[in-house]
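Below is one structure, written out as structure tokens; the observations come after it.
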Amino acid sequence: MKNIKIELKWALLFAVMMLSWMLMEKLAGFHDEKIASHPIITNFVAIPAIAMYVFALLDKRKNFYQGVMTYSQGFKAGLIMTIFVTVLSPLVQYITSTIITPDYFKNVISYAVENKLMTLTAAESYFNLKSYLMMTVISTPIMGILTTAIVAIFIRKKAK
């Protein structure tokens, strides 16, 4: 457990960051009156998400590997963090959809249908908690692994 304490800490911080981001989106109106802009705005969560991986791997390098870390060690740490983030992602999605923004699905379905982007049946089958839970469990490890693969390149540090 001591070996993965840093990854678990950062995965929990990542979950808090995601919930905070969703709350900010909701408070800014991107889940209701500004829902047309939501698909664009929500992608900016990549900035703090990548930053979390950078900080996590820097923390691992400094506090576990005494300032020296290979690409492989960084990738492994990021992979472990990704596993934890993936395990937490359904809970984050559930809290987002039921507590932070319980009207989001209703709002986005209405928007999609009114703007002729989808039929009602298609919108209802896509915009719902079950669908979003499935998407988060699939997309989280993919994005985590890609982020880890890139961040580990920049975080590696050889011994002097």
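Couple of notes before you dig in:
- As a summary of the residue check, ILE50 satisfies the conditions (1) at pLDDT 95 or above; (2) farther than 18 Å from SER97 by Cβ; (3) out of contact with any Ser or Thr (no Cβ under 9 Å at 6 or more places or on another chain) except for the one numbered (3).
- Residue within the range 97-105 that is in contact with a Gly (Cβ under 6 Å, 6 or more places away or on another chain), modelled with pLDDT of 95 or more, closer than 17 Å to VAL45 by Cβ and surrounded by 15 or more Cβ atoms within 10 Å (Cβ to Cβ) present: no
- Residues being over 15 Å from the mean Cα position of the chain (by Cα), assigned to a helix (DSSP H, G or I) and either basic (Lys, Arg) or closer than 30 Å to GLN73 by Cβ (or both) - total across the range 10-37: 1
- For the range 28-60, the set of residues classified as without any contact (Cβ under 8 Å) to a residue 60 or more places away in the chain, of a type in the set (A, V, I, L, M) and farther than 30 Å from LYS5 by Cβ consists of ALA28, ILE40, ILE41, listed by residue number.
Residue-by-condition table, conditions (1) within 15 Å of MET17 (Cα to Cα); (2) polar (S, T, N, Q); (3) in contact with a helix residue (DSSP H, G or I) (Cβ under 8 Å, 6 or more places away or on another chain):
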residue: MET52; (1), (2), (3): yes, no, yes
residue: LYS76; (1), (2), (3): no, no, no
residue: ILE100; (1), (2), (3): yes, no, yes
residue: PHE105; (1), (2), (3): no, no, yes
residue: THR121; (1), (2), (3): no, yes, no
residue: SER125; (1), (2), (3): no, yes, yes
residue: SER139; (1), (2), (3): no, yes, no
residue: THR148; (1), (2), (3): no, yes, yes
residue: ILE155; (1), (2), (3): no, no, yes
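Yes or no, residue by residue, for (1) touching a Phe, Trp or Tyr at 6+ places or on another chain (Cβ under 7 Å); (2) more than 19 Å from LEU133 (Cα to Cα):
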| position | (1), (2) |
| --- | --- |
| LEU8 | yes, yes |
| HIS38 | yes, no |
| SER89 | no, no |
| ILE100 | no, no |
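- Single condition GLY78 does not satisfy, out of (1) over 11 Å from the mean Cα position of the chain (by Cα); (2) small (Gly, Ala, Ser); (3) surrounded by fewer than 18 Cβ atoms within 10 Å (Cβ to Cβ): (3)
- Test: residue in the range 55-62 that is among the aromatic types (Phe, Trp, Tyr), closer than 25 Å to ILE138 by Cα and buried (at least 19 other Cβ atoms within 10 Å of the Cβ): no
- So GLN73, is it over 11 Å from the mean Cα position of the chain (by Cα) and surrounded by 16 or more Cβ atoms within 10 Å (Cβ to Cβ): yes
- Among the residues of the range 81-103, those that are over 12 Å from GLU7 (Cα atoms) and within 14 Å of the chain's Cα centre (by Cα) comprise THR86, VAL87, LEU88, SER89, PRO90, LEU91, VAL92, GLN93, TYR94, ILE95, THR96.
- Count of residues meeting criterion [basic (Lys, Arg) and within 23 Å of the chain's Cα centre (by Cα)] in the range 104-125: 1
The values are calculated or read from the model by the stated rules, or taken from the named source; none is laboratory data. The model shown is predicted, which means the values in this text are computed figures rather than measured ones. Neighbour counts run over all protein chains shown; Cβ positions are idealised from the backbone, glycine included.
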